[in-house]
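Taken together, the values in this text are just the output of simple stated rules run on the coordinates, not laboratory data. Predicted model, so just to flag it, every value in this text is computed and none were measured. Don't worry about glycine lacking a Cβ; one is built from the backbone with ideal geometry, like all the others, and counts go over all protein chains shown.
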Amino acid sequence: MFTELHKTFDTFTERERAIFKGAALVFSVSLILNSANIFYKSTELAPVEGGIYTEGVVGQPIALNPLIAGANEADKDITKLLFSDLTDLMETHTISADNRTWTITLKENLTWSDGNKLTSDDIIFTLETVQDPEAHSPQFATWQGVNAERLSEREVRFILKTPYAFFLDNLSNFQIAPQHIFGSIPSANLRLSDYNLEPVGSGPYKFEEYIKGKDGFITEYKFAVNPNYADRSPLIKEIRIKFFPSYDAAIQGFNRREIDGLGGLRAQDVSEIKVGYQLKELIVPRYYAVFLNQNTSLQLRDDAVREALALATNRDTIVKDVFEKRAIPVYGPIYPGIEGYESDVADAYPFSLEKAAELLEKGGWVKGAEGIRTKIVQGSELSLSFELVVPDIDFLVETAEILKKDWAEIGVVITPIVLSTQEIAQNAIRTRNYQMLIFGNILKNNPDVFSFWHSTERFRPGLNLSLYENSKVDSILEAIRKNFNPESRITEVKSLQTMITNDIPAVFLFAPNYLYAAPRQLGGFSASAIPTPSDRFEHVSEWYLKTARVFNLQSQE
């Protein structure tokens with residue numbers, strides 16, 4: 001047939017041959033384009049395995065051990081990659097009629113990254129260790145009043161002293177440690193174990209190696225996919241963590257493409273990134289406030305003074321000038337979006353220097369020659385002059401300066417005392433020795449704010465930084481914890497919010513967004529809100545860097 005076609009072609013004139021060749025070319029191109037169109041219509045881009053993802057972290061790892069990992073953000077980030085929460089390991093759970101007994105059944109054939117079996121014995125070991133005062137576990141307070149019983153290799157029973165409606169949230173944050181690694185080590189010596197830097201876990205990734213410089217600074221960790229992970233296997237084959245001494249150094253590393261991702265950015269850092277990236281702005285349930293200690297200041301016991309301070313606080317200006325609008329204003333003790341939050345709280349103390357000044361004037365606080373308001377109380381002259389303790393963190397120092405300027409307009413003078421967070425923890429919070437303190441409350445993803453506002457939490461190690469005391473609020477806080485009915489619980493939370501807001505034990509300020517820079521090709525990162533910064537890795541198994549076209553079964557049907 002080809003021979004006949006060739007003979008026919010030989011009989012063509014030059015013009016006919018040109019037309020034939022053109023037609024053949026058009027036909028070939030059309031065939032290719034049509035085939036490509038059919039291929040693209042019947043296929044779709046899908047994530048595939050592969051790639052190396054390098055995350056930048058500011059700081060140093062100390063203990064990659066869920067038993068003792070605490071305030072160090074580097075530790076919390078890495079343990080999220082290497083250790084599973086109990087809810088990740090659970091197949092089912094049941095709750096007794098009195099809401100005090102929770103029975104957990106583990107998934108079948110669970111193993112640690114080193115191949116050893118993971119059983120209910122590991123669960124009980126982890127609980128008993130964090131409850132041991134000798135371990136100094138940051139989770140110590142959370143797990144008091146909870147006992148555990150082994151029912152079988154896969155079953156464990158938790159028995160609570162009192163019902164707790166948010167116990168499942170505790171389980172979802174309870175990372176399990178391997179008994180066969182730490183079981184023979186006295187609790188007081190856990191920090192001495194080499195396994196704190198060479199961990200054996202059950203999470204999506206497993207430890208491969210770390211690189212340490214001659215100065216002792218760990219520069220990098222390498223983690224590979226854990227083949228024994230109980231859930232979906234990660235798509236990214238290797239994750240590396242590079243450590244930097246500061247955010248400035250980390251941003252420089254990002255610009256040199258030494259790292260792919262960097263979290264915890266300050267608003268002003270974003271403009272310093274010079275390479276292509278995508279910015280994730282994540283909501284985290286935490287807020288900052290000026291906590292007012294009425295025990296050390298007679299002036300702050302005056303309702304008019306506290307109300308005036310709330311009215312003279314321009315949260316919108318702080319959010320705009322300090323955070324470039326990458327934060328939200330906060331007006332009360334319940335974070336927006338948490339169950340029971342009532343948005344009307346924002347209307348309680350709208351910014352007004354005029355109303356604040358008028359309120360103080362009516363309350364008998366008279367402005368003197370130096371612009372400071374004073375009042376005779378119990379035969380003594382008191383002035384509205386306070387020391388404000390501020391952590392040495394840029395955005396909090398800037399916030400203090402804005403407050404100083406605005407509050408001076410109404411005759412209230414504050415002197416910021418800037419201290420390191422360690423100094424504040426040891427010398428101010430521990431002793432409650434301050435008049436005013438800017439600090440942050442990190443909430444759970446539920447309305448249990450007992451530890452921040454119940455009167456029993458007024459002193460160390462409690463977190464009631466205003467030393468707030470209200471018996472009605474105490475009762476509601478206790479009721480919320482025991483209420484398993486969401487509808488009635490919401491009503492209680494709204495009442496709680498109203499009471500605390502009206503008492504003004506603190507001037508609530510703002511909640512910064514968590515800023516995370518990632519490469520444009522990173523997919524599978526769908527979170528918009530996370531309980532804590534380390535929870536950005538909660539669904540790391542779904543992240544991907546590579547894609548390929550696969551046939552779409554629906555289009556074929």
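Nearest 10 degrees is fine. How inclined is helix 353-362 to the longest principal axis of the chain, computing both from alpha carbons?
Between helix and principal axis, roughly 20 degrees.
Considering amide H positions built from the backbone, and no H for Pro or chain starts, which residues 5 or more places from residue 417, or on another chain, come under 5 Å of its amide H?
Close amide H contacts, sequence-distant or interchain: 388, 389, 390.
Give me the lysines in straight-line cross-link reach of residue 367: C-alpha distance below 27 Å, same-chain residues under 8 apart excluded.
Correct list for residue 367: 355, 375, 404, 405.
Cα convex hull of the chain: mean projected area in nm², to one decimal?
On the way: hull surface 157.5 nm².
Orientation-averaged projected area of the Cα hull: 39.4 nm².
Cα atoms only, the stretch 257-386: Rg and Dmax in Å?
In Å, with Rg to one decimal and Dmax whole: 20.1, 67.
Sum -39500 (n - 2.57) across every DSSP H segment of at least 4 residues in the chain, then divide by the residue count to get the 222 nm mean residue ellipticity, nearest 500.
Numbers: 16 runs with 165 residues, N = 557.
Helix contribution divided over all residues of the chain: -9000 deg cm²/dmol.
In whole Hz, what ³J(HN,Hα) sequence does the stretch 366-374 give by Karplus (6.51, -1.76, 1.60; θ = phi - 60°), x for Gly and Pro?
3J(HN,Hα) across the stretch 366-374, in whole Hz: 9, 7, x, 4, 8, x, 9, 7, 9.
Take the alpha-carbon centre of the stretch 70-116, take the same for the stretch 205-268, and report the distance between them in whole Å.
Centre-to-centre distance over Cα atoms comes out at 24 Å.
Counting only residues 5 or more places away or on other chains, whose amide H sits under 5 Å from the amide H of residue 54 once H atoms are built in the peptide plane?
Amide H neighbours of residue 54: 240, 260, 261.
Taking amide H atoms as placed 1.01 Å from N in the peptide plane, list the residues 5 or more away in sequence, or in a different chain, whose amide H sits under 5 Å from that of residue 278.
Hits under the 5 Å cutoff: 518, 520.
Listing 469, 457, 134 from the residue with the fewest other Cβ atoms within 10 Å to the one with the most, what is the order? Please list the in-between numbers first.
Values: 469 17, 457 20, 134 11.
Neighbour counts put them in this order, fewest first: 134, 469, 457.
When you count, for each residue, the other Cβ atoms within 10 Å and take the mean per peptide, how do 49-55, 266-272, 238-244 rank with the highest first? Present the calculation step by step, with values, prior to reporting the outcome.
Details: 49-55: 17.4, 266-272: 14.7, 238-244: 20.7.
Top to bottom by mean Cβ count within 10 Å: 238-244, 49-55, 266-272.
For a footprinting-style exposure proxy, rank 233, 451 by other Cβ within 10 Å, fewest first.
Numbers: 233 12, 451 18.
Final ranking by Cβ density, sparse to dense: 233, 451.
Cα axis of helix 486-503 to longest principal axis of the chain: angle in degrees, 0 to 90, nearest 10?
50 degrees
Show me 532-544, 332-344 ranked by packing, highest mean number of other Cβ atoms within 10 Å first. Let's see the in-between values first.
Working: 532-544: 19.8, 332-344: 17.7.
So the peptides 532-544, 332-344, ranked by packing, come out 532-544, 332-344.
Given 5 Å bins starting at zero, what is the percent of C-alpha pairs of the stretch 60-198 in each, up to the one with the largest pair distance?
Bins of 5 Å from zero give 2, 10, 20, 24, 21, 14, 7, 2, 0, 0 percent of pairs.
Label points 7 Å out from Cα along the Cβ direction at residue 325 and residue 343: separation in nm?
The two pseudo-label positions are separated by 1.8 nm.
Among 429, 402, which comes first, second and so on when ranked by fewest other beta-carbon atoms within 10 Å?
Values: 429 20, 402 17.
Least to most surrounded, the residues fall as 402, 429.
Rounded to whole Hz and in sequence order, give me ³J(HN,Hα) for the stretch 84-98 from the Karplus expression 6.51 cos²θ - 1.76 cosθ + 1.60, θ = phi - 60°, writing x for Gly and Pro.
Once θ is set to phi - 60°, the couplings for the stretch 84-98 become 8, 6, 4, 5, 6, 8, 7, 9, 8, 8, 10, 10, 6, 4, 8 Hz.
Can you give the FRET efficiency to the nearest 0.05 for residue 433 and residue 380, using r as the Cβ-Cβ distance and R₀ = 25 Å? Please report the intermediate quantities before stating the final value.
On the way: r = 22 Å, r/R0 = 0.86.
In this case the efficiency is close to 0.70.
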